[in-house]
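Please read the structure below before turning to the comments.
Bear in mind these aren't lab numbers, they're just calculated from the coordinates by the rules spelled out. In this text, all values refer to a predicted model and were calculated from it rather than measured experimentally. Glycine gets a Cβ as well: all are built from the backbone with ideal geometry, and neighbour counts include every protein chain shown.
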Amino acid sequence: MKHDIVLKINNETHRITVDSRRTLLEVIREEIGLTGTKEMCNKGDCGSCTVLLDGRPVLSCMMLAVEADGKEILTIEGLAGEKNSLHPIQQAFVESGAIQCGYCTPGFIMSAKALLDKNKDPNVDEIKNAISNHICRCTGYVQIIEAIGRAAKILGGVE
Ligand code: FES
Ligand code: FES
């Protein structure tokens, strides 16, 4: 069955017709063309497909596109600044060596963004909790936790 829906992605409004079985992840990547959001497990286990829905991190592989009708969605592409400059969280990931293959990175960064939007100075346990449903197969978590702490300092004007 087809549905007409409106997705507000990174401040742009998209009016599209989607099959009721299409996931939000499929629509973001294949119909909108924003491939920064990654598909890895496609069953809710890895966090790589995380986007923000009205400011909350959600697994876009586990959500139907029709459920996001009318909602505000932020993807990794929406974080870049003017002239595609890095967002402070992206900058912190680079500086901390928290990226290798980069496949998991957009998901971690979106969860970090949700955390730092509501908690400007998270402690290590709070950071671990915010990324607890994410899997990284190559960098390891120490650098990622460090990067999120560093991002908090950059955003707070401390670094
Ligand atoms: S691709 Fe969605 S949780 Fe793994
Ligand atoms: S950097 Fe490769 S999976 Fe995390």
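Relative to the longest principal axis of the Cα atoms of the chain, the long axis of helix 141-155 lies at roughly 90 degrees.
Note on residue 2: aspartates and glutamates with a C-alpha under 19 Å away, same-chain residues under 8 apart excluded, are 19, 26, 30, 31, 67, 69.
Cross-link candidates for residue 113: which lysines have Cα within less than 22 Å, leaving aside residues fewer than 8 places away along the same chain? The reachable lysines, counting only those whose Cα sits under 22 Å from residue 113, are 8, 38, 71, 83, 128, 153. Summed over qualifying helices (DSSP H, 4 residues or more, each -39500 (n - 2.57)) and divided by its residue number, the chain shows a 222 nm mean residue ellipticity of -8500 deg cm²/dmol. Percent of Cα-Cα pairs more than 18 Å apart in the stretch 90-159, please. For the stretch 90-159, the fraction of Cα-Cα distances above 18 Å is 25 percent. Compute the helix-to-body angle for 105-118: its Cα long axis versus the longest principal axis of the chain, expressed 0 to 90° and rounded to tens. Here the helix axis deviates by roughly 80 degrees. Fewest neighbouring Cβ atoms within 10 Å first, the residues 13, 23 line up as 13, 23. Computed over the stretch 2-78, the quotient of the alpha carbon radius of gyration and 2.2 N^0.38 Å is 0.96.
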